[in-house]
1. In terms of solvent-accessible area of protein heavy atoms at a 1.4 angstrom probe, what is the ranking of 544, 86, highest value first?
2. How long are the three semi-axes of the equivalent ellipsoid of segment 230-361, in whole Å, if each is the root of 5 times an eigenvalue of the C-alpha gyration tensor, listed from largest down?
3. Using a 1.4 angstrom probe with every protein chain in place, what is the largest-first accessible-area order of 464, 542?
4. Spin-label point model (7 Å from Cα, Cβ direction): what's the residue 449 to residue 345 distance in nm?
5. Give the residue from 111, 250, 70 lying farthest towards the positive end of the charge dipole for the chain; charges sit on Cβ (+1 for Lys and Arg, -1 for Asp and Glu) and the dipole is referred to the Cα centre.
6. Work out the P(r) tail for segment 107-198: percent of alpha carbon pairs separated by more than 20 Å, whole number.
7. Along segment 14-28, what does the Karplus equation 6.51 cos²θ - 1.76 cosθ + 1.60 (θ = phi - 60°) give for ³J(HN,Hα), rounded to whole Hz, x for Gly and Pro?
8. Given contacts defined as C-alpha pairs under 8 Å and at least six residues apart, what's the relative contact order of segment 1-81, whole-number percent?
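The values are calculated or read from the model by the stated rules, or taken from the named source; none is laboratory data. Quantities reported herein were computed from a predicted structural model and do not represent experimental measurements. Positions of Cβ are generated from backbone atoms using ideal geometry, with glycine treated the same way; all protein chains shown enter the neighbour counts. For accessibility, only protein heavy atoms count, side chains too; no ligands or nucleic acids. Shrake-Rupley method; radii C 1.70, N 1.55, O 1.52, S 1.80 Å.
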Amino acid sequence: MKPVKRLPYGTSNFSNLIDGNFCYVDKTPFIEMLEQEPNSYQFFIRPRKFGKSLFFSTLSHYYDILQAHNFSKLFGGLYIGKHPTRKKNAYAVMEFNFSGIDTGSVERFETSFTQNVQRTVRIFLQKYVTVFPHAEELIRRIDDNREGIGSLRTAYAEANFAGIPIFVLIDEYDHFANDLIAMGVDDVYKKMVRANGIVRDFYETLKIGTSDAVDRIFITGISPVMIDDLTSGFNIAANLTPEKRYNNMLGFTREEADRLMTEAGVDPAYVTVDIAQYYDGYLFHEEATDRMYNPSMLLYFFYQIVVNQQVPKNIIDDNLKTDYGRLRRLTQNENNREMLLQIIKDDGIVTDIVTKFSIDNLYNDKYFVSLLFYMGLLTIEKPVLGKVRLCIPNYSVKTLYWEYILESIQADADFVINTGELDQTVAALALEGKAEPFVEYVCRNVFNKLSNRDLRQFDEKYIKIMLLACLFQSRVYVPVSEPETENGYVDIYLQRSPLLPEVKYEWIFEIKYLKTSDKNTEVRRKEAQQQLQRYTRSDRMKNRDDLKTAVILFIGKNKYEIFSKE
């Protein structure tokens with residue numbers, strides 16, 4: 001039996017991954033591609049938790065002059081080890097990471113950013129003390145004079161003296177910018193990034209280094225929000241983010257996911273959900289052929305199986321909560337909130353993807369939607385007449401939106417859902433085949449609490465979102481919105497949780513809504529019943545004793561009728 005490898009969940013250091021016998025999805029062919037690009041100053045972004053830091057570490061180890069003696073051990077079994085490029089192990093690598101910057105005020109930001117730059121240069125000189133003859137002396141000088149960003153020029157001079165080119169890697173380039181934007185601290189952002197701000201000074205100094213010392217630059221992050229603001233200060237980098245040829249550089253293809261599963265010894269008997277439905281679906285160019293799995297989401301799922309040897313209790317990674325908080329702050333603006341709600345109701349939007357924008361644009365619909373795309377909260381579904389339709393990529397992200405909606409309503413109306421009572425009504429669905437307790441609970445505890453702003457959106461789609469959000473809270477069912485059958489799309493399908501085989505009944509809900517003034521109740525009821533009959537004749541749904549169906553007809557926000565099949 002072939003020995004299994006360890007799963008690299010939470011591991012982003014390349015050498016630790018290789019030395020520790022972890023699985024590694026070989027992305028090194030892209031190192032060769034990047035080196036062949038005509039512009040050696042490169043910018044590339046992907047959503048959070050998409051493998052950027054690991055790829056960053058892989059580049060560092062591949063190009064570091066101090067790692068030359070480890071080349072065969074680290075890269076011998078990979079594509080790039082068999083096809084080494086001309087510039088392997090040719091650089092002194094300077095690695096910046098701009099997460100953790102203090103954004104509390106202009107003064108604190110400036111101090112924190114300056115210290116980060118100086119500390120990075122200090123580490124760089126210390127690391128190459130064996131090849132930089134004046135490194136120790138320069139470190140003392142930097143410390144004594146507190147050179148800050150000026151320490152970059154000191155590093156340039158020493159690298160030139162030693163005849164060793166510099167490769168600058170910048171991870172989380174936009175971390176502080178995203179924090180400032182999410183917190184609504186636009187004034188700090190503008191003062192630090194624009195005009196004579198400290199961030200602009202850094203990139204201008206970095207650009208100066210490309211005249212002699214800095215041969216290559218690779219910058220990563222999650223959004224292009226600073227590109228426009230930095231244009232005149234740093235206008236030399238090629239944005240490779242939207243290029244079709246780099247669609248697969250981060251994330252896992254289906255083939256890679258299957259291979260990873262085999263290498264890690266993930267027992268397929270415990271994979272009781274459709275992993276493509278949960279973690280796949282990301283497309284970064286409309287003509288690309290492979291949709292990408294979110295690596296962190298998938299590794300989280302596989303890791304639980306390997307460690308516990310059972311069906312995972314939590315199918316969705318709680319780390320997604322970070323994105324929920326950011327989403328909440330971005331939609332404090334009314335226009336963004338309305339746009340987001342429409343996207344959730346329609347499961348997407350047709351738009352252009354903007355490749356660069358300033359903080360001033362974030363309240364413009366097109367720019368806000370593009371930011372959702374870069375954050376991984378939307379992805380490309382298909383091209384549409386010169387534009388693209390963006391959709392919610394997978395079930396995991398859909399649950400993030402549902403929670404956002406429910407939390408938003410509770411915050412606006414100042415009430416809290418009684419989860420104990422909710423769980424009882426879902427238990428009635430699951431064990432007794434009764435839908436009315438759940439519907440009555442949602443009407444009384446959610447619909448009746450809606451603000452006038454929310455009531456403007458009240459329709460079938462909005463109702464469906466509310467029901468899905470409440471059902472997801474209980475974790476008894478895996479609620480699926482509009483699954484396809486050969487006879488059409490079901491409004492809501494309640495699939496039993498893989499952890500709860502004792503759930504007696506699954507459900508199909510067909511949702512209809514009438515305003516209180518509408519007199520077409522009988523017409524809509526018959527229409528919904530006919531739809532249900534078509535769905536239950538499909539191969540997936542027919543002849544099932546464990547399947548219940550219900551037409552739920554909402555009349556206004558206070559009245560409802562349920563017609564269920566016993």
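1. Working: 544 60, 86 200 Å².
Greatest to least solvent exposure: 86, 544.
2. On the way: eigenvalues 210, 89, 42 Å².
Semi-axes (√(5λ), whole Å): 32, 21, 14.
3. 542, 464
4. About 2.1 nm, to one decimal.
5. 250
6. So the portion of pairs separated by more than 20 Å is 44 percent.
7. The phi angles translate into 4, 5, 4, 5, 5, 5, x, 6, 8, 5, 9, 7, 6, 9, 5 Hz.
8. Values: 54 pairs, mean separation 29.8, N = 81.
After rounding, I find 37 percent.
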